[in-house]
Amino acid sequence: MKYFKLNFKYIIAIFSFALLVFSCMKITPEKGPLVLRQSAAEAMALAKEITEKTSIKLAEGLKVSLWATDSLAPDPIAMSIDEQGRVFITRTNRQKNSEFDIRGHRNWMTESIGLQSVEDRRAFLHKIFSAENSKDNEWLKDLNGDGIHDWRDLAVEQEEVWRLEDTDNDGMADLATQVLKDFNDEITDVAGALLIRKNDAFIGLGPDLWRIEDTDGDGLYDKKTSISHGYAVHIGFSGHGMSGLIEGPDGKIYWGIGDIGANIVDLSGKKHFFPNQGVIVRCNPDGSDFEVFSHGHRNTHEFVFDEYGNIISSDNDGDHRGESERLVHIVEGSDSGWRANWQYGKYTDPKNNEYKVWMDEKLYVPRWDGQAAYIIPPIQNYHNGPTGMQYNPGTALGSVWKNKFFLVEFTGTPSRAHIWSFGLKPYGATFKLANEVDMVGGILATGIKFGPDGALYAADWINGWDTKNYGRVWKVDVDDKNNDFADIRKETKKLIQDDFSTLTLSQLYDNLLFEDQRVRQKAQFELVSRGDSAIAYFDKALAQTRNQLARIHAIWGIGQLMKTKPELGEKLVGRFNDLDKEIIAQSCKVLGDTYYQPAAEKMIKLLQNNYPRVRFYAAQALGRLKYAPANEALYQMLTDNADQDVYLRHGAVLALSRIGNEQMAANMSTNKNFSLR
């Protein structure tokens, strides 16, 4: 994100408006959990006043309404929406006093960049904020009231999760419930990631990803379990913490952290050491089968899966003059090239300020001849300060917005903030930008999510970079004239809210063919939960040819079942001659992800397939399987590619590195073919 200071007049104007807002609010706290209620009349009156004072620009055919007013949605960072359409947000308190931005403490930079683990960071904070240094740290609030300004004051402020509801169905939230208040270790970061599921939820705030549960059914989360630990190694830029929690089509939980880094030991005891770069990781909901999916990110913040399981995101820039953020297609094993080391020389080291690796080697721009070969470059440079991101699941908004991505541009001021919509078109094994629309201007959104009703909800930070104890949620939708998805949206909402555990196998099969990605995935996951009885229905979906997306969900479902029945992999090997090349590609991907060794021999010939995505996923799978007989075919794939498609090059090189024949690779250093060298 870009850094700037608000001028004094702007601050006074904001403060005055905040006082006006709160003078209109009649929020009533209740006993028990912290609950805020607002009457319909009060909500409507305040919404009218706020809307009139807010300058919002919309693309043609859209409308916007205020869904939650200021006190119901304070300081929203991450947002998630459950099946019933209730909006959940994380509220940060720790940003006020307990989480630091290195730009405000430049004397810490050299030592901070040398930290290697979260325990190193704990020791650093204990040293800086020791009791003996209390007088030097009087700028730090004495939050625990012991008369000493020390690290113990960093262990007071807690992060919160709030649930917002429209209980009277009048189109505005009228009830906000604090469902969780916790997490106040001295090294706890801001709660930047949230995923709400039917029976549990996940919240990400360094140094942990937590699984939280409501064990007594009272609507409040009362149990927490750390399923992954070791995030937020450095004190870096604020807002570069954990984010992007999402459930993948393989049933795994995905999330990321920015370049404040990670040093993780997973449940199997394996170490994953990435202290100076951002990573995207995945694991099962219980923390098992943990993997670092990709690395070398600066701050991807949020990412999405399209209907084919491709991960698309936008990565923040390094704040160098002349640089821009990057639209990225992220694949397993990829390195985007960013290291936190590239950041700080321009602030602190006059001897080395003139050479900037990131800039001078042009690591931040799309593919060009001579660019470093170890990175996956961006699709293209893109808009500033990307935060929230969504993909149209198929029935949201209207037909004009189908197959579109939606990305927030967070700039610290609403007048320069936007929500962009864009499309992608295939380009070899990756994509190119197809078009874009300035969808919404004037809302300083942190997160966006599609609700079950097909509208796009945006959590509004309102202004600036710091907390202010109020916030909003807006609802963006197509106007009545352009609501050509009205009927299918109603059906989608009903299916999202239905209890699929009560459906028959035949009904679940029908929902695999549904137009909305959320419904298909819900049906897929429920079929997987039925075990062996679901296999015949996945077979049926895979055998039909009228609905490609249902076939793909069947492949993903079979992949999930392979955890207990690996022999099901033969069903996917049987698709290597399918007339639909995407079905072959998806089969290769799943067979590689599940380490199905018997597929390897037949996969080698797919490295010569005329569909780039087949070649890419076959190479990726052969590498995960560490299948040594594939070496020559992989080198031939590199020769044929001639450095033209960086994704094909990545797939083959990553496979060769995982297979690990070092002598064969060394021999290529003198080969006359440039691509092999």
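The values are calculated or read from the model by the stated rules, or taken from the named source; none is laboratory data. Owing to the predicted nature of the structure, the values given are computational and were not obtained by experimental measurement. Here the Cβ positions follow ideal geometry from the backbone for every residue, glycine too, while neighbour counts run over all protein chains shown. With ligands, DNA and RNA removed, areas are computed over all heavy atoms of the protein, side chains included. Shrake-Rupley method; radii C 1.70, N 1.55, O 1.52, S 1.80 Å.
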Roughly how many Å² is the accessible area per residue of the range 589-676, as a whole number, for a 1.4 Å probe? 46 Å²
Which whole-number value in Å² is the accessible area per residue of the range 411-557, probe 1.4 Å? 37 Å²
Under the Debye formula (equal points on every Cα, no solvent term), log10 I(q)/I(0) of the range 106-198 at q = 0.20, 0.21, 0.25 Å⁻¹: -1.03, -1.09, -1.30
Near VAL528, within a Cβ-to-Cβ distance under 12 Å, what is the net charge of the other residues, with Lys and Arg +1 and Asp and Glu -1? +1
Per-q log10 I(q)/I(0), the range 540-611, q = 0.23, 0.25 Å⁻¹ (Debye; single scatterer per alpha-carbon; no solvent): -1.01, -1.17
So, relative contact order of the range 81-205 in percent, Cα under 8 Å, 6 or more apart, is 30 percent
Please list 295-305, 491-501 highest first by mean number of surrounding beta-carbon atoms within 10 Å per residue. 295-305, 491-501
Could you estimate the translational diffusion coefficient of the range 36-115 from the Stokes-Einstein equation, with Rh from the Kirkwood formula over C-alpha pairs, at 10 °C and 1.306 mPa s, in whole µm²/s? 95 µm²/s
With -39,500 (n - 2.57) per DSSP H segment of 4 or more residues and division by the full residue count of the chain, the 222 nm estimate, nearest 500 deg cm²/dmol, is -8000 deg cm²/dmol
Take the alpha-carbon centre of the range 536-558, take the same for the range 242-301, and report the distance between them in whole Å. 29 Å
How large is the Kirkwood hydrodynamic radius of the range 355-426, counting all unique pairs of alpha carbons, in Å? 14.7 Å
Counting only heavy atoms of the protein chains, get the accessible area per residue of the range 195-307 (1.4 Å probe) and round it to a whole Å² value. 29 Å²
If you look at just the Cα atoms of the range 83-148, how large are its Rg and its Dmax in Å? 16.0, 52
First compute the accessible area of the range 343-488 with a 1.4 Å probe, then give the percent of it belonging to carbon and sulfur atoms. 47 percent
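Carbon and sulfur: what percent of the range 71-120's accessible surface (1.4 Å probe)?
42 percent
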Once you compute Rg and the Kirkwood Rh from C-alpha atoms, what is the Rg to Rh ratio for the chain? 0.96
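What translational diffusion coefficient, to the nearest whole µm²/s, does the range 209-250 have by Stokes-Einstein, given a Kirkwood radius computed over alpha-carbon pairs, a temperature of 20 °C and 1.002 mPa s viscosity?
Details: Rh = 13.0 Å.
In µm²/s, the coefficient is 165.
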What is the Rg over Rh value, at two decimals, for the range 315-439, using alpha-carbon atoms and the Kirkwood definition of Rh? 1.01
Considering only Cα-Cα distances, which of the following residue pairs are longer than 21 Å: LYS449/LYS475; LYS581/LYS626; LYS402/LYS490; LYS57/LYS96; LYS252/LYS540? LYS581/LYS626; LYS57/LYS96; LYS252/LYS540
If you wrap a convex hull around the C-alpha atoms of the range 145-250 and split its volume per residue, what is the figure in Å³? 168 Å³
Solvent-free Debye scattering, log10 I(q)/I(0), computed from the Cα coordinates of the range 207-319 at q = 0.12, 0.22, 0.23 Å⁻¹: -0.43, -1.22, -1.29
Which order do peptides 67-76, 357-366, 48-57 fall in by mean Cβ count within 10 Å, highest first? 67-76, 357-366, 48-57
Listed peptides 134-147, 565-578, 108-121 by packing density, highest first (mean Cβ within 10 Å): 108-121, 565-578, 134-147
